[in-house]
Protein chains: 4
Amino acid sequence: MKSIDKHRKIIRAATKVFAKKGFFNARISDIAKEAKVADGTIYLYFKNKFDILISVFEQEIGKLIGQITLLLNKEDDPKVKLEIFITKHLEEMKKNRNLAEVIHIELRQTNKLIREYRKNNFSQYLNILSSIIIEGQEKKVFRNDIVPDLAKQIIFGSLDEISRIWGPSNDIDQDFTVEEVSAQLTSIFQQGVMGQPE
Amino acid sequence: MKSIDKHRKIIRAATKVFAKKGFFNARISDIAKEAKVADGTIYLYFKNKFDILISVFEQEIGKLIGQITLLLNKEDDPKVKLEIFITKHLEEMKKNRNLAEVIHIELRQTNKLIREYRKNNFSQYLNILSSIIIEGQEKKVFRNDIVPDLAKQIIFGSLDEISRIWGPSNDIDQDFTVEEVSAQLTSIFQQGVMGQPE
Amino acid sequence: MKSIDKHRKIIRAATKVFAKKGFFNARISDIAKEAKVADGTIYLYFKNKFDILISVFEQEIGKLIGQITLLLNKEDDPKVKLEIFITKHLEEMKKNRNLAEVIHIELRQTNKLIREYRKNNFSQYLNILSSIIIEGQEKKVFRNDIVPDLAKQIIFGSLDEISRIWGPSNDIDQDFTVEEVSAQLTSIFQQGVMGQPE
Amino acid sequence: MKSIDKHRKIIRAATKVFAKKGFFNARISDIAKEAKVADGTIYLYFKNKFDILISVFEQEIGKLIGQITLLLNKEDDPKVKLEIFITKHLEEMKKNRNLAEVIHIELRQTNKLIREYRKNNFSQYLNILSSIIIEGQEKKVFRNDIVPDLAKQIIFGSLDEISRIWGPSNDIDQDFTVEEVSAQLTSIFQQGVMGQPE
DNA sequence: TATGAATGAGGTTTCATTCAT
DNA sequence: GATGAATGAAACCTCATTCAT
């Protein structure tokens, strides 16, 4: 029986290799070597190279959704929920730099396929954000004129761009901590750049 | 003498092809055909395939910098400047979808090379944003605790993610206009999601 | 102990798969699936893929030799024997299209190996034909200047080419019956195209 | 401009390699080396490996058609025409053993594609045979009950099977000359095995 | 300067065969 | 004996780049 363990090993290896070299520059043999399996073995678990990318993404985003949902369920205040989302996302990206790379590098490499895919797990992830906005509007905490479907993209875009500064091969000394960045982002999205900090 | 016209033709063709197929899936022969030159001719004007990408980017971002700088120079209020930047960026991306694609797809495909490059023209573009923030802080319009270097990334990330919804092959009916999106973004960055709209 | 039943099942499956896909396009796993055994099991019964082909051939030609020999033993007239051979061969090929395909497609795919093999069962089959000729010459029914070793190839070649028109995926409406073809062939080989039909 | 000379060189090399190794065992790099071009060059002239096979066949059969047609046009007697066809075919196969191999080995390897292809050049070749039969019948030289479409296959099948004994790697000493074989075949097809030789 | 035919390295994928269970 | 997951060699084909014309 195909071992679930080997599947995991390949996913982990692929995440690492994709993060380091990018999807197109990653060779199957790199992933195989990293996973310590034969090249052919990979094709017992994945349809083709692109299928590996999709699986990496699906798997990792799935985990993220689980973790964040758990955290959010313990909280009522939409304002705090937004902060939690921002902090958790940044924390994860800092911890799992490979995933961060895969998201922002690979997510944009192909066009049609990824777009199609986005309707699945990834859009579910983004929809957590819009739910928070909607809930905040219902509870009169957030402004009514915020468009949740725009806001979710604005917030995610910021997070994704920011998390790039932690990318593995980044030489620039960017010594912002997660806390600093998270506080800054939360503050900007809550009060804007003009309002007075709370 | 190498004709500047042919250089331009190739750049234009490459922008189109990169936008449509992505950097790695674009073939030199595609670009050559689109530019109506021979494959070999391209190598009289560019060192290699990646050099074309860099040049496309440099050229287009350069144009953008020029245009935005011109607009901003006519204005004093940092609040308005921020709005202008946001609106202009979105307008350009909507108008020049190929560039939008090249920015958000290609800019993230390679790693080291692009990062290196970013120190040049692109970071100059982002620095327009931080200058606006700094100017706003000096004029006491923006909060002092905003970190300009973070804010520039937050804002650009938002813009870039948002501008993807206008991507060429996007089937989803996203009927937000530039005005709507621009207003929303400006408002969020100015007052945040909690404050009251002006 | 290796079950003779499983051996048979694999042979039958291989015949079917080879006929449908051709030797080189047939995969071991196709044969295994068709035979409802595991891939590895096949290697308990056969040395390698080519060995299966040889065995299929040996087995089927063996059966044919048995059947035809039986029929011929009941008959004395070499003229009738020739007719019997022709008719029986064609009947079998029409009935067992898979075998027909295996003979004319596969028999020619490999070179040295098949040629070597031909010294065994298949040449025995052809020698039935030359025996008939020789017997006919001894009984003064056939011309003395016929070279039996050439005649056997001439006759087999005709039969084999003809039997291709009944191949499984042949769309052309070739509505010659076995009887028509058999009569035609027998007549041509007996009287030639010039003589008057009997 | 793609040189016609290189096309020819590749065809010639492919004929040789296919004849020696068989289509499936022939590697593109074998053909390239034999033709003294780079592997990639082959794909400037042919769509894929199978396309090379088709082209080899088309080309060679085309030449054959031309030569035989020329010879036949000089002759009126269908009986002699039949003899000419038989002799010429055998001569060519003996001279160009590679072609003989390609015909009887490769022609049968694939199924649908070749069958489809056969409607073109090859079937034209076979139709020369049926035309001779028909002409013979009209001139009352050949029996009326011969079915031309069967006869053409019978004759070609014989020729093809016979010409195999001249195959390149055939160790068996088959010392029949073209003349012997041709005479034998002609005689069998004209008078049958029973009639008296002329 | 421009061409485009030629190159050839290199990658994805297949699949016969092996071997631990 | 039977299994089928694992192996890894090998091959087709692509395409960036070169260079003779």
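The values are calculated or read from the model by the stated rules, or taken from the named source; none is laboratory data. The structure displayed is predicted, hence computed values, not measured ones. For neighbour counting, all protein chains shown are included, and Cβ atoms are generated from backbone atoms with ideal geometry for every residue, glycine included.
Quick test of your reading of the structure: D:I128 fulfils all but one of (1) assigned to a helix (DSSP H, G or I); (2) at pLDDT 75 or above; (3) in contact with a Gly (Cβ under 9 Å, 6 or more places away or on another chain). Name the failing condition by number. Result: D:I128 passes all but (3).
Residues satisfying the criterion are absent from the stretch A:89-97 (criterion: over 29 Å from A:I133 (Cα atoms), free of Cβ contacts under 8 Å to residues at least 12 places away in the same chain, away from chain B (no Cβ under 13 Å) and more than 16 Å from DNA strand E (Cβ to nearest atom)).
Taken over the stretch C:1-28, residues that are within 24 Å of C:I103 (Cβ to Cβ) and of a type in the set (S, T, Y) amount to 1. Criterion first (modelled with pLDDT of 90 or more and within 11 Å of DNA strand F (Cβ to nearest atom)) does C:V80 satisfy it? No, not satisfied. Filtering the stretch A:48-88 to residues that are within 14 Å of chain B (Cβ to nearest Cβ) and within 16 Å of DNA strand E (Cβ to nearest atom) leaves A:K49, A:F50, A:L53.
Conditions (1) away from DNA strand F (no atom under 14 Å from the Cβ); (2) surrounded by 19 or more Cβ atoms within 10 Å (Cβ to Cβ); (3) closer than 20 Å to D:Y125 by Cβ, marked per residue:
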{"site": "D:V17", "(1), (2), (3)": "no, yes, no"}
{"site": "D:K21", "(1), (2), (3)": "no, no, no"}
{"site": "D:A26", "(1), (2), (3)": "no, yes, no"}
{"site": "D:A32", "(1), (2), (3)": "no, yes, no"}
{"site": "D:A35", "(1), (2), (3)": "no, yes, no"}
{"site": "D:D39", "(1), (2), (3)": "no, no, no"}
{"site": "D:N48", "(1), (2), (3)": "no, no, no"}
{"site": "D:F57", "(1), (2), (3)": "yes, yes, yes"}
{"site": "D:G62", "(1), (2), (3)": "yes, no, yes"}
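Of everything in the stretch D:3-28, what is more than 8 Å from DNA strand E (Cβ to nearest atom) and among the polar types (S, T, N, Q)? Give them in sequence order. Within the stretch D:3-28, D:T15, D:N25 qualify. In the set A:I28, A:I11, only one residue is in contact (Cβ under 8 Å) with a residue 12 or more places away in the chain and within 21 Å of the chain's Cα centre (by Cα); that residue is A:I11. Taking the criterion of being loosely packed, with under 15 Cβ neighbours inside 10 Å and either at pLDDT 80 or above or within 9 Å of another protein chain (Cβ to nearest Cβ) (or both), the only residue of the stretch D:98-118 that qualifies is D:K112.
With the structure loaded, tell me whether D:D76 is without any contact (Cβ under 8 Å) to a residue 24 or more places away in the chain and farther than 30 Å from D:A183 by Cβ or whether it fails that test. For D:D76, the condition - without any contact (Cβ under 8 Å) to a residue 24 or more places away in the chain and farther than 30 Å from D:A183 by Cβ - is not met.
The single condition from (1) surrounded by fewer than 19 Cβ atoms within 10 Å (Cβ to Cβ); (2) modelled with pLDDT under 90; (3) in contact with a Lys or Arg (Cβ under 8 Å, 6 or more places away or on another chain); (4) in a helix (DSSP H, G or I) that B:S169 fails is (4).
For the stretch A:1-15, the candidate set comprises residues that are of a type in the set (G, A, S) and under 25 Å from A:K94 (Cα atoms); within that set, the residue that is nearest to DNA strand F (Cβ to nearest atom) is A:A13.
Taking the condition of being within 11 Å of the chain's Cα centre (by Cα) and closer than 23 Å to C:A13 by Cα, how many residues in the stretch C:60-93 meet it? Residues flagged as within 11 Å of the chain's Cα centre (by Cα) and closer than 23 Å to C:A13 by Cα within the stretch C:60-93 amount to 11. With respect to C:A151, determine if the residue is at pLDDT 85 or above, of a type in the set (G, A, S) and within 30 Å of D:P148 (Cα to Cα). Spelling it out, C:A151 is indeed at pLDDT 85 or above, of a type in the set (G, A, S) and within 30 Å of D:P148 (Cα to Cα). Assessment of the stretch D:29-40 against the conditions (acidic (D, E) and within 14 Å of chain C (Cβ to nearest Cβ)) yields no matching residue. Which of the residues belonging to the stretch B:131-145 are of a type outside the set (S, T, Y) and modelled with pLDDT of 90 or more? B:I132, B:I133, B:I134, B:E135, B:G136, B:Q137, B:E138, B:K139, listed by residue number.
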